[in-house]
Every structure is written in C-alpha cells, then in structure tokens.
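This report refers to the structure that appears directly beneath it.
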Amino acid sequence: MNLRRAATQACAAALVIFVAAAQASSKHGTFSFALIGDQPYNNFFEPATDSLIQHIGNEPDIHWILHVGDIKGGNEPCANELINRRLAQLQRSEKPLVYVPGDNEWTDCHRPSNGNFDSQERLNFLRQQAFSQPRSLGKKNFPIRQQTSPPYPEHLMWTQGSTLFVSLNIPGSNNDLLNPKSRKTSTKKAKQLLKARDQAIDAWLSEAEALFERDSTRPTETVIAIQGNPIDGSGGTSTTPSRNGYAVFMTRLVKYIDTTQRPVLLAHGDTHRFKWDKPSLKQFGGTPSSDALFYRVEGWGHPFMNAWVQVKVKQGSATPFEASSVSLPSPTADN
C-alpha cells in the first residue's frame with residue numbers, strides 16, 4: 001500500500017467518529033452554525049460576550065459555534081490568568097465551540113502593552129490550554145482530529161454530515177510576518193517560523209484533499225476557518241510572500257479548490273465587519289472555475305457585540321453556503 005493511500009484511509013477512519021459525535025446531519029441535509037470572533041477586547045466587554053454566547057446557545061437551529069480568534073484586546077496583557085479566563089468563558093458555552101487562535105493571544109504578545117512576551121512561548125502556552133485534547137470546547141464538546149505530524153495541535157479537522165471543516169493557525173498581523181523591534185526576533189527567524197507553519201498547513205490540506213479521492217463517502221464541500229483576513233486585511237494587495245504573509249496560503253487555497261473541484265467557504269475574522277461575498281482569486285493563480293467555487297464570510301467583532309453570523313450549509317448543493325447577520329433582540333424596558 002502506498003503512503004498516500006495509507007494516509008487517506010487513516011484519515012477517513014479517524015473522521016468517521018466525528019460525523020456522529022458532531023451532531024451530524026444526514027448526507028445532503030442542511031444545518032447551521034454560528035460565526036463569532038474578535039471578542040472580548042477588555043474586561044468591560046466580557047459580559048457582552050457572555051450574553052452573545054448564551055443567546056446563541058438558545059438558538060435551536062444552531063448546532064455549534066465557531067470563534068475565529070482574538071479572545072483578548074491588542075493592548076491587553078498576554079498573562080496566563082487573562083488567557084485562561086477567556087478560554088474558560090468559551091468553555092461555558094452550552095453548545096460545542098471550536099476556537100481558532102488569533103494574533104492578539106500569541107502573535108502580538110511581544111508588545112510592551114502585552115507584557116513583552118515571546119510570541120512562540122505564548123503560542124505553546126495556548127496550545128497547552130486550548131488544544132491539549134482532541135475535542136472542541138463547550139459543555140457539550142465533540143471529537144476533533146488534530147495535526148500531530150508535524151505537531152501543530154491547533155490545526156483541526158472534523159466533519160458534519162458530508163461537510164468537511166478545517167481550521168488553521170493563520171492569524172492577523174500579516175500572518176505573523178510583521179517583525180517590529182519589540183519582537184526581538186531576526187527577520188530571518190520570523191520568515192523561518194512562517195515557512196514552517198506554511199509547510200504544516202500544506203500537509204494538513206493535502207490530508208483534507210485525500211478525503212475527496214474516496215468514492216462513496218467523500219465530502220461535498222469544505223469550510224476552512226482562520227483568524228486573519230487574507231483578502232483585504234493586513235497583507236495588503238501584494239502577492240509576494242516576503243511582503244504578504246498570506247500569499248503562500250492563498251496560492252495553496254487555489255490549489256485546494258482546483259484539486260477538490262467542490263465549493264469552499266473561507267471563514268475568518270480580524271477586521272471586525274460582517275462580509276459575505278465571492279472575491280476573485282485571480283491574483284493568486286485562480287481561474288474563473290476556482291472563483292465560481294469560492295466563498296468568503298467574515299464575522300462581526302469588537303465593538304459590534306450585539307450581532308453574530310449564521311452560516312447555513314446545504315450539503316451537496318452547487319451553491320451550498322448562505323450567511324446572514326443576526327442581531328440580538330433589544331432589551332425590553334421595564335414598565
């Protein structure tokens with residue numbers, strides 16, 4: 001048996017349990033999940049995030065919650081106590097909650113206002129606290145597969161029905177390519193760290209692609225979740241990897257779409273405004289065919305704490321994704 005086929009079968013076997021455990025829909029069914037992120041940004045807003053998560057927890061049509069990173073503000077300290085408290089807030093969710101690392105909780109921790117931490121040390125701490133077990137967060141969690149070789153436990157993979165989900169550590173601050181003096185890291189080292197993560201992402205997406213080679217139980221669409229905004233965020237418009245930290249990923253995303261030939265939804269945060277569109281991938285080698293299969297959604301973030309995004313998936317459809325902004329009900333005034 002060749003290594004690629006062995007990896008495909010191992011990946012398939014591991015994902016079988018996720019379908020049942022993740023409240024799986026029947027194939028070609030319809031389900032919805034909630035998209036939130038970039039909150040809370042300070043202690044004052046913690047109750048607002050609590051209220052948002054509690055509200056979503058009471059929504060019967062929502063199966064689980066996706067938080068696309070930044071569980072603290074860019075000027076808050078990256079201290080153990082604060083990160084653990086914000087993770088505990090996510091753990092209190094009544095519904096399963098999948099968390100994606102954001103730049104504010106590791107990439108930008110070198111800032112003086114953040115405590116002058118080493119960014120890689122903070123990432124390792126985050127891994128220990130949030131990704132020590134192959135399960136989602138929340139009171140009713142579900143099993144999730146983690147990338148173990150190379151060891152990037154924050155890279156996750158799970159399914160619901162015939163929909164494949166992949167989450168990747170691709171944060172804001174230009175995907176950790178920004179290298180101010182406060183980081184105390186050479187430019188060469190910063191690029192080496194990004195290259196190693198890009199290689200791990202390439203390997204993880206290759207494992208996801210292998211699932212589409214199966215005959216009877218192949219996925220019908222993919223949702224890829226990251227924190228940074230690679231379309232109109234901190235990477236700018238450059239396609240040069242030395243300037244745009246997202247360029248390698250975006251080129252790899254085009255390859256993924258071309259390989260699977262099925263719709264892909266990219267869900268992200270970082271710029272805090274709801275977006276639901278179909279951006280062109282032409283600058284990263286995309287064609288009209290890959291553009292037709294690509295969708296992008298961004299959730300609300302701080303200070304827009306009274307809304308969330310419902311993502312509906314119609315499995316197996318030619319146009320399987322729908323996204324809409326949902327506002328929290330206004331408090332009823334006492335008479």
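For segment 23-84, rounded, prolate or oblate, judged on the Cα gyration tensor with a ≥ b ≥ c (square roots of eigenvalues), a/c < 1.5 rounded, else prolate if a/b > b/c?
Verdict is prolate for segment 23-84.
Among the listed pairs Lys140/Lys312; Lys195/Lys275; Lys255/Lys282; Lys72/Lys181, those whose Cα-Cα separation exceeds 24 Å are Lys195/Lys275. Would you indicate which of (i) 20.2, 59; (ii) 19.0, 73; (iii) 19.2, 56 is the value of Rg and Dmax of the Cα atoms in Å derived from the coordinates of this structure? Comparing each candidate, only (ii) matches the computed number.
Based on the alpha-carbon gyration tensor of segment 263-335 and its eigenvalue square roots a ≥ b ≥ c, which shape applies: rounded if a/c is under 1.5, prolate if not and a/b is larger than b/c, or oblate? Here segment 263-335 falls in the oblate category.
Which listed residue (Pro303, Val313, Ser93) has the Cα farthest towards the positive end of the charge dipole for the chain, taking +1 on Lys and Arg C-beta and -1 on Asp and Glu C-beta about the Cα centre? So the residue furthest toward the plus end is Val313. Is segment 55-152 best put as rounded, prolate or oblate by its Cα gyration tensor, with a ≥ b ≥ c the root eigenvalues, rounded for a/c under 1.5, and otherwise prolate when a/b is larger than b/c, oblate when not? Judged from the Cα gyration tensor, segment 55-152 comes out oblate (a/c at least 1.5, b/c at or above a/b).
Placing +1 on the Cβ of every Lys and Arg and -1 on the Cβ of every Asp and Glu, with no other charges, gives the chain a dipole of roughly 860 debye about its Cα centre. Computed over the chain, the per-residue total of -39500 (n - 2.57) for DSSP H runs of n ≥ 4 gives a 222 nm mean residue ellipticity of -10000 deg cm²/dmol, rounded to 500.
Charge tally for Asn174 (other residues, Cβ to Cβ under 14 Å; Lys, Arg +1; Asp, Glu -1): -2. If eta is 0.890 mPa s and T is 25 °C, what Stokes-Einstein diffusion coefficient results for segment 220-269, Kirkwood Rh from Cα pairs, in µm²/s? Translational D for this selection: 213 µm²/s. Gap in Å between the Cα centre of segment 93-142 and the Cα centre of segment 193-221? First find each Cα centre; the distance between them is then 23 Å.
In a reduced charge model with +1 at each Lys and Arg Cβ and -1 at each Asp and Glu Cβ, segment 61-201 shows a dipole moment near 280 debye about its Cα centre.
Since every read-out is calculated from the coordinates, none of them should be taken as a lab result. Everything numeric in this text was worked out from a predicted model, so none of it was measured. Methodologically, a virtual Cβ is constructed for each residue, glycine included, from the backbone with ideal geometry; neighbour enumeration extends over all protein chains shown.
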